[in-house]
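Single-structure report; data block below.
The values are calculated or read from the model by the stated rules, or taken from the named source; none is laboratory data. Keep in mind the model is a prediction, meaning the values are calculated, not measured. Because the Cβ atoms are built from the backbone with ideal geometry, glycine has one as well, and the counts that use them run over all protein chains shown.
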Amino acid sequence: MISDEILVRTMSAEKKESGPLTPATPKDASKSAATGDDPLDLELAANASRGDKGAFERLMWRWWDRIRGYCAAFVAFDPELAEEAAQESLIRIYKALPRWRKESPLGGYLYGICRTTSADVMRTHARHHARNVQVEEFESLSLESPHASGEANVLRQEANQLLAIAMQKLEPVDRSMLYLHEVEGKGLSELGAMYDLPLGTVKSRLFRARDKLGMLLREMGYELS
């Protein structure tokens, strides 16, 4: 099991200096083209799967923001649940990397662990209540306010809070899928592979999620652009 020391060192607010990164081999590069993964991530994951704790730390440094963002989207941006899900995902990823099949997309494997972990956390805290939080991660989902521009700062905070409230009303899978598509820039085929869904189903779920989100925001006096 990963030690508390590694967790603290990996997720510390002060990033430590590390040695030079080992360049990816040509084999890694060709694999990256096939799976869409970063060659360095593949190399670090391969080394981490063989017990290299340093490689795991460096891999998680590169993935930590994405893990936190995905978990936050899945648990409806509840800050406590998001932090718990992200930390638990970190531990599960460490344990699961030895079982990662190298021919499978690394990103899909990591997000799959985060999805399962976040769902488990939500079930454990089934009675948690939605909170108003800012959703700065959703930069690509912009809100147009009907109010005067002189109140821009206050309105932006209000808009972020309303966006969070609206996102909480979506299904967890739809929230997480929308996050990956809008924020992480994942394509439809990538999402289909991650969620084991046909391309048409991915398209329809994204369309319905965005349509519902827009409807909820219009009820609050905002337009999703």
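Some points to look at:
- The stretch 103-119, residues that are closer than 11 Å to Arg92 by Cα and either buried (at least 23 other Cβ atoms within 10 Å of the Cβ) or in the same structural domain as Leu197 (by TED's automatic domain parsing) (or both): Leu110, Cys114, Thr117
- In the stretch 163-175, the residues that are over 17 Å from Arg68 (Cα atoms) and not assigned by TED's automatic domain parsing to the domain that holds Asp78 never reach a residue that is assigned to a loop (DSSP other than H, G, I, E, B) and modelled with pLDDT of 90 or more with C-beta atoms less than 7 angstrom apart, at least six apart or across chains.
- Hits in the stretch 102-113 - residues which are closer than 15 Å to Asp41 by Cβ and modelled with pLDDT of 90 or more: Pro105, Leu106, Gly107, Gly108, Tyr109, Leu110, Tyr111, Ile113
- Within the stretch 85-93, the presence of at least one residue that is assigned to a helix (DSSP H, G or I), modelled with pLDDT of 95 or more and of a type in the set (D, E, K, R) is confirmed.
- Residues of the stretch 96-112 classified as part of a loop (DSSP other than H, G, I, E, B) and not hydroxyl-bearing (Ser, Thr, Tyr), total: 5
- Residues in the stretch 40-71 that are free of Cβ contacts under 8 Å to residues at least 24 places away in the same chain, surrounded by 19 or more Cβ atoms within 10 Å (Cβ to Cβ) and not basic (Lys, Arg): Glu43, Leu44, Ala55, Leu59.
- For the stretch 8-21, the count of residues that are polar (S, T, N, Q), at pLDDT below 95, crowded, with 17+ Cβ neighbours inside 10 Å and closer than 19 Å to Leu180 by Cβ is zero.
- Residue match in the stretch 120-133 (condition: modelled with pLDDT of 90 or more and surrounded by fewer than 17 Cβ atoms within 10 Å (Cβ to Cβ)): yes
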